[in-house]
Amino acid sequence: MTETPNAESPTIDPAAPAAPAAPAVPAAPAAAPAAPTVSVVGPGEGETVLLGTTRMRILEDGGTTGHRLGIAESVIAPHTPGPPQHRHAGHDEGFYIVSGSVRFTVGDEQHDAVAGTLVVVPPGAPHTFANVHDEPAVMLSTFTPDPYVRYFRELRDLHAGSEAVTPEAQLRLMHRYATEPATTPGRPGPS
């Protein structure tokens, strides 16, 4: 069999000895995994979210933690009512009181959490909080996993919009983040 050379293929002579095998090229070393990124958020840094009389500072939005953890600091003005009592289906929430006092309502029970108190709310537990006192309160909140951080951003945008925020609009937003109003059997939850 003889091949006719053309511009696209080389001439092959079947009687020619086989070319020596090319020496093996060592594989390039696998790239080392990237070192984890450490987040350092200093005083006054972070994203500020204004929610009425509460100023929230997002310290970790999940971007550093693979979305396993979100962290926010909230400064709650005196005599600020909290959200309606509610339940989360998709995340745990932790609240550490840095200064002042925050009243937590869990079902029918009330707990006045002073500085140094930690409140941990697992999925499904009804809860709300408010600053019923005359001094501001500072609270550090954790969300595991982190999607609830986006809820606060959307809530800020809802309040900043040109239309009045209706309870129905707020409920739709809560529902998108696996959060529902809590009710005690036979009695509606706080509004």
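Between ALA113 and VAL102, ARG103, PHE104, the built amide H atoms are under 5 Å apart, and every one of these is 5 or more places off in sequence or on another chain.
In sequence order, segment 118-129 has phi-based couplings of 10, 10, 10, 10, x, x, x, 7, x, 6, 7, 8 Hz under the Karplus curve 6.51 cos²θ - 1.76 cosθ + 1.60, θ = phi - 60°, and Gly or Pro positions carry x. Using unit Cβ charges (K, R positive; D, E negative) and no other charged atoms, how large, in debye to the nearest 20, is the dipole of segment 58-153 about its Cα centre? Using only the charged Cβ atoms, the result is roughly 280 debye. Of the GluC sites (Glu not before Pro) found in segment 86-191, the ones in coil according to DSSP and having at most 12 other Cβ atoms within 10 Å of their Cβ are GLU163. Stretched out straight at 0.36 nm per residue, the stretch from HIS67 to VAL120 would grow longer than its current Cα-Cα span by 17.2 nm. From most to least packed by mean Cβ count within 10 Å, the peptides 128-134, 47-53 give 128-134, 47-53. Farthest towards the positive end of the charge dipole of segment 30-101, among the residues GLY42, PRO81, GLY66, is the Cα of PRO81, using unit charges on the Cβ of Lys, Arg, Asp and Glu.
Bear in mind these aren't lab numbers, they're just calculated from the coordinates by the rules spelled out. All figures in this text were calculated on a predicted structure; none of them were measured in a lab. As a convention, Cβ positions derive from the backbone with ideal geometry for all residues, glycine included, and neighbour counts pool all protein chains shown.
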